[in-house]
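Novice: So that we are looking at the same thing, I have put the structure below in structure tokens.
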Amino acid sequence: MHMHSSLKHIAAVVLSLFLVFGSVPAFAAAPSGANGNQLEPISQGTGSAVLDNASYFGDLPDSTPVTVDIVLKANKEKQLQNYIAATVNPGSRNYHQYLSVSEFKHRYGASAKTVSDLTAYLAKNNITSQVYPDNLVVTAKGTVGDFNKAFSVHIRKAKLKGKTFHATKQGPKAPAYIARHVLAILGLSDYSALTPKAIKQPVGAQPKDGSGPLNLDPSDLIKQYNVQPLYSKGLSGAGQTIDIVTLANFNPSDAYEFWKEEGINTKADRIHVKPVDGGSDYNGYEETSLDVEQSGSLAPQADINVYVGPNTDSGFVDAFASAINENHAAQISVSWGLSESAITYSVQQKIEDPAYAQVFNQLFEQAAAQGASLFASAGDAGAYDATRDLGTYNLAADNPADSPYITAAGGTTLPWSGTLQRKLADGSIAKADISVTKERAWSWDYLYPYFDARGLNNPDGWLNYYFVGGGGGFSSIFKTPDYQKGVSGVNTFTAVKLWQPGADFSSVTRLSTPQIVTGTGSGRNLPDVSLNADPYTGYKVYLSDPGAPGTNSGFVTYGGTSVVSPQLAGLTALMNSGQKDRIGFWNGQIYRFARGADSPFTPLNETGATNDNLFYTGTAGTLYNQATGLGTIDFAKLDQDFQAK
């Protein structure tokens, strides 16, 4: 959401990404015969780049309450991954044999002894604990003094770039019999820079003529992506629940008013707000409102659980852990995240261990084994996701969409045309003719003539206007999953080079003539699928003032891949309401469908500057590209494919 005034501006410090993914060096299991009480280091979520550069200015009183997540390693993870693949393989005897939370716990959670050893150790240090049903996440509550003693740390007040938080500079340690089973400890620092992905349609874009910008309703999506046949056969989302994982509170009455204004007959009292770890404030409430309104409009008879966690690393994990362990929903959506860039750099430099990313991945594996379909927005800075938080111009993907066990939602622009014009400070009129003739990968390069006319072709304008589009590219953390291997276009790319980054990626030069380049990549390819996400062809959202329902209320138009993720969750609830079993993990199925005779996907594989996400574009004859994934979706066909064994 890097935008001036009318768009939210996220000004994260260059080091902020280490918050989520960094850690102290990974611990190793004690050697055979070693003293099990010997202290060993444990990864913590906030990395040394934040911790070492922070200014520490005082001790927290020992009596200060602290909540910490201790995340345990999954058991037999490779077997778990094989089981997930089997649940969506029609040829397997485990097809649609999804696990209950209890079954997951006993097969793949940490052992009962591991958990009892940990909770006893915590209790010995006056720390209370709550073990999530999966035996993977343990939420511990105590005082600063308790945690300092239990994990050999010194939690202090800290400040970095004007942001005050608590942290411990030295990494936590615990006896070897505890440490060898711990993946990460989250919460010894409460520093966080997670951001939502919603982008408001810019004000001041005054079309003189033509068909846009667009302000769309759910009915427009239903028409564009052939959803109507599902309603025509009686599907409504009845009996289904949609989970929204978010880090901001919202006004539920705004969603009910949205559905009323749109003429959508919805189930009464369907929204259930579930605060996690005390919930959150309203910073980012537009995102939560959008998620609920969009998902609920497409599955009008489904219930909606909204898990609202605090904007901290442990809060984000706990919101997911709560939703996945309650296991009420067969579809879960999230629209918050961060770029991978700091992880990539820190792993290459052997400074950090990417334990935090694996914490999420473990939870997503659990959800997939339980038959839940998960969706995450792929980002809104095109192929340059790090411009949003690091302010650097390297190619980067977004987390948690990078996990192989979540479906990454990419973005497109729908056809529209018009003459955009705006009066400038000197009295002159900036204007440009805009024409998008067919659905394309979303990036705002087609608006560059308008931005140029407004005098925005400068470093400030570049970050805030020019580097906007659907996220996509290659993960630097996760390997190419088996379901992507062998699909044409995966791990190869065609790109439109519009910009030349500097050697250290802190600066960029705009090329006078775009260049077509080709190459190969590796890692998890993002996104998986795409729907309309451009704010200039965006969707209406009903909002009132945060915490003041009904005050200054009305419609505004938003876009971003954070619109697509909840839409996919709503449409999955719609399809699930006509299924005998849960649809389950999308990715293990959709790549197979794409290679079928009557694919539900339309690849956007035209090459060039009229179909790119600021770098990646289409390649003729392929099924996949890193700008739009497998492409757009015909939901009537997709529903048939999910129905067929």
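The values are calculated or read from the model by the stated rules, or taken from the named source; none is laboratory data. All values reported here derive from a predicted model rather than from experimental measurement. No Cβ is skipped: glycine too gets one built from the backbone with ideal geometry, and neighbour counts run over all protein chains shown. Just so you know, the surface numbers come from the protein's heavy atoms only, side chains and all, with ligands and any DNA or RNA stripped out. Shrake-Rupley method; radii C 1.70, N 1.55, O 1.52, S 1.80 Å.
Novice: For residue 552, only one of the following conditions fails: (1) under 22 Å from residue 565 (Cα atoms); (2) open to solvent by 40 Å² or more (accessible area, probe 1.4 Å). What is its number?
Specialist: Only one criterion is unmet by residue 552, namely (1).
Novice: Moving to a separate point now. What are the pairs with Cβ atoms under 6 angstrom where one residue, in the range 373-393, is touching a residue at least 40 places away in the same chain (Cβ under 8 Å) and the other, located anywhere, is among the charged types (D, E, K, R) and surrounded by 24 or more Cβ atoms within 10 Å (Cβ to Cβ)? Sequence gap at least six, or different chains.
Specialist: Once the first residue is touching a residue at least 40 places away in the same chain (Cβ under 8 Å) and sits in the range 373-393, its partners that are among the charged types (D, E, K, R) and surrounded by 24 or more Cβ atoms within 10 Å (Cβ to Cβ) give 377/197; 378/398; 379/385; 379/398; 380/197; 381/388; 385/398.
Novice: OK, next. Read through the list (1) at pLDDT 95 or above; (2) part of a loop (DSSP other than H, G, I, E, B); (3) open to solvent by 20 Å² or more (accessible area, probe 1.4 Å); (4) small (Gly, Ala, Ser), then give the number of the only condition that residue 85 fails.
Specialist: (2)
Novice: Let me ask something else about it. Exactly one of (1) part of a loop (DSSP other than H, G, I, E, B); (2) more than 20 Å from the chain's Cα centre (by Cα) is unmet by residue 535. Its number?
Specialist: Just one mismatch for residue 535, condition (2).
Novice: Could you pull out the residue among 116, 102, 129 that is in a strand (DSSP E or B) and farther than 30 Å from residue 389 by Cα?
Specialist: Result of the check over 116, 102, 129: 129.
Novice: Here is a further query. So, in the range 117-145, of the ones that are open to solvent by less than 10 Å² (accessible area, probe 1.4 Å) and in contact with an Asp or Glu (Cβ under 8 Å, 6 or more places away or on another chain), which residue ends up nearest to residue 107 (Cα to Cα)?
Specialist: Out of the qualifying residues, it is 137.
Novice: Can you tell me how many residues in the range 455-474 are assigned to a loop (DSSP other than H, G, I, E, B), open to solvent by 10 Å² or more (accessible area, probe 1.4 Å) and touching a residue at least 40 places away in the same chain (Cβ under 8 Å)?
Specialist: 1
Novice: Please go through (1) open to solvent by 10 Å² or more (accessible area, probe 1.4 Å); (2) hydrophobic (A, V, I, L, M, F, W, C); (3) at pLDDT below 95; (4) not in a strand (DSSP E or B) for residue 183 and return the number of the only condition it doesn't satisfy.
Specialist: (4) is the only condition that residue 183 fails.
Novice: Looking at residue 209 and the list (1) in a loop (DSSP other than H, G, I, E, B); (2) open to solvent by 20 Å² or more (accessible area, probe 1.4 Å); (3) in contact with a strand residue (DSSP E or B) (Cβ under 8 Å, 6 or more places away or on another chain); (4) at pLDDT below 80, which single condition is not satisfied?
Specialist: Of the numbered conditions (1) in a loop (DSSP other than H, G, I, E, B); (2) open to solvent by 20 Å² or more (accessible area, probe 1.4 Å); (3) in contact with a strand residue (DSSP E or B) (Cβ under 8 Å, 6 or more places away or on another chain); (4) at pLDDT below 80, the odd one out for residue 209 is (1).
Novice: If residue 448 meets every condition in (1) surrounded by fewer than 20 Cβ atoms within 10 Å (Cβ to Cβ); (2) among the aromatic types (Phe, Trp, Tyr); (3) more than 30 Å from residue 633 (Cα to Cα) apart from one, which number is that one?
Specialist: (3)
Novice: Output the strands (runs of 3 or more DSSP E) that fall wholly within the range 222-336 and possess 3 or more residues being touching a Ser or Thr at 6+ places or on another chain (Cβ under 7 Å) and crowded, with 18+ Cβ neighbours inside 10 Å, or say none.
Specialist: Those strands (runs of 3 or more DSSP E) span 241-246, 303-308, 331-334.
Novice: To continue, here is another question. Out of all the residues in the range 496-532, which are in contact with a Ser or Thr (Cβ under 6 Å, 6 or more places away or on another chain), farther than 30 Å from residue 83 by Cβ and in a strand (DSSP E or B)?
Specialist: Listed by number, the residues that qualify are 496, 500, 518, 520, 532.
Novice: Quick one: residue 578 ticks every box in (1) farther than 24 Å from residue 98 by Cβ; (2) part of a loop (DSSP other than H, G, I, E, B) except a single one, so which number is it?
Specialist: (1) is the only condition that residue 578 fails.
Novice: If you take the residues in the range 400-454 that are assigned to a loop (DSSP other than H, G, I, E, B), in contact (Cβ under 8 Å) with a residue 60 or more places away in the chain and among the acidic types (Asp, Glu), which one is nearest to residue 512 (Cα to Cα)?
Specialist: Across the range 400-454, the extreme among qualifying residues is 439.
Novice: So, in the range 596-608, of the ones that are touching a residue at least 60 places away in the same chain (Cβ under 8 Å) and either in contact with a Ser or Thr (Cβ under 6 Å, 6 or more places away or on another chain) or surrounded by fewer than 16 Cβ atoms within 10 Å (Cβ to Cβ) (or both), which residue ends up nearest to residue 465 (Cα to Cα)?
Specialist: 608
Novice: Would you check which residues across the range 538-570 are out of contact with any Asp or Glu (no Cβ under 9 Å at 6 or more places or on another chain), in a loop (DSSP other than H, G, I, E, B) and not acidic (Asp, Glu) and list them?
Specialist: Passing the criteria: only 548.
Novice: Looking at (1) crowded, with 24+ Cβ neighbours inside 10 Å; (2) under 23 Å from the mean Cα position of the chain (by Cα), can you tell me which one residue 495 breaks?
Specialist: Condition (2) is where residue 495 drops out.
Novice: Within the range 485-495, does at least one residue satisfy the condition of being free of Cβ contacts under 8 Å to residues at least 60 places away in the same chain and over 19 Å from residue 615 (Cβ atoms)?
Specialist: yes
Novice: Can you name the residue in the range 628-645 that is part of a helix (DSSP H, G or I) and acidic (Asp, Glu) and, of all such residues, is nearest to residue 489 (Cα to Cα)?
Specialist: The selected residue is 641.
Novice: Which of the following residues is of a type in the set (D, E, K, R), over 28 Å from residue 221 (Cβ atoms), over 30 Å from the mean Cα position of the chain (by Cα) and modelled with pLDDT of 95 or more: 426, 452, 482?
Specialist: So the residue among 426, 452, 482 that is of a type in the set (D, E, K, R), over 28 Å from residue 221 (Cβ atoms), over 30 Å from the mean Cα position of the chain (by Cα) and modelled with pLDDT of 95 or more is 452.
Novice: I'm trying to understand the selection: among the residues of the range 164-180, which are modelled with pLDDT under 75 and either in contact with a helix residue (DSSP H, G or I) (Cβ under 6 Å, 6 or more places away or on another chain) or among the hydrophobic types (A, V, I, L, M, F, W, C) (or both)?
Specialist: Those that are modelled with pLDDT under 75 and either in contact with a helix residue (DSSP H, G or I) (Cβ under 6 Å, 6 or more places away or on another chain) or among the hydrophobic types (A, V, I, L, M, F, W, C) (or both): 165, 167, 169.
Novice: Ok, one more. What number goes with the only condition from (1) within 27 Å of residue 366 (Cα to Cα); (2) touching a helix residue (DSSP H, G or I) at 6+ places or on another chain (Cβ under 9 Å) that residue 594 does not pass?
Specialist: The number of the failed condition is (2).
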